[in-house]
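Reviewing the structure listed below.
The values are calculated or read from the model by the stated rules, or taken from the named source; none is laboratory data. Only a predicted model underlies this, so the values are computations on that prediction, with no experimental measurement involved. Because the Cβ atoms are built from the backbone with ideal geometry, glycine has one as well, and the counts that use them run over all protein chains shown. Ligands, DNA and RNA are stripped out before the accessible areas are found, and what is left, the full protein with its side chains, is counted by its heavy atoms. Shrake-Rupley method; radii C 1.70, N 1.55, O 1.52, S 1.80 Å.
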Amino acid sequence: MGFVLTPEQRQLAAVAGRLAREHLVGIEGEPGRVNRPLLRALAEHGLLPRMFPHDGEVSAMTLCLLREAVAMESPEPETALALQGLGAYPILQSGGPEIVDRWIPKVRAGEAVAAFALTEHGG
């Protein structure tokens, strides 16, 4: 089975990689704290808005392309991008309109830090 990206998908990956290389790599926050400057930069350069578009339609392919392209440049911005997705996607998917309207724009803008909890069975 072959797998080929569309020209638009290749373009998205190229742009995300360039943005990471030119604008995200090396943004440092306060040690031991959420790197808020990095989250703001992810928003300002359009990566968080791509993950959480205004129409609410989140594409798994888009998420994968963004994460892979950013990860090829640096793990820190990719991790921040991934954690925003892991924490905020359940809000978008299952939250009521008032919760979605309250939090998703803040996540999209890099103003709110999404979080998630993971437990093991019996733990």
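What the table below lists for this structure:
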item: Options Leu86, Leu81: the member that is assigned to a helix (DSSP H, G or I), surrounded by 14 or more Cβ atoms within 10 Å (Cβ to Cβ) and in contact (Cβ under 8 Å) with a residue 12 or more places away in the chain; result: Leu81
item: Qualifying positions in region 62-77 - aliphatic (A, V, I, L, M) and in a helix (DSSP H, G or I); result: Leu63, Leu65, Leu66, Ala69, Val70, Ala71
item: Cβ-Cβ under 8 Å pairs, at least 6 apart or on other chains, region 26-49 side without any contact (Cβ under 8 Å) to a residue 24 or more places away in the chain, far side part of a helix (DSSP H, G or I) and polar (S, T, N, Q); result: none
item: Sole residue being out of contact with any Phe, Trp or Tyr (no Cβ under 6 Å at 6 or more places or on another chain), at positive phi, at pLDDT below 90 and not hydroxyl-bearing (Ser, Thr, Tyr), chosen from Gly122, Gly110; result: Gly122
item: Subset of region 13-61 [outside any loop (DSSP other than H, G, I, E, B), loosely packed, with under 13 Cβ neighbours inside 10 Å and in contact with a helix residue (DSSP H, G or I) (Cβ under 9 Å, 6 or more places away or on another chain)]; result: Ala14, Met61
item: Filtered residues of region 89-107 (kept if open to solvent by less than 30 Å² (accessible area, probe 1.4 Å) and either β-branched (Val, Ile, Thr) or within 16 Å of Ala41 (Cβ to Cβ) (or both)); result: Val100, Ile104, Val107
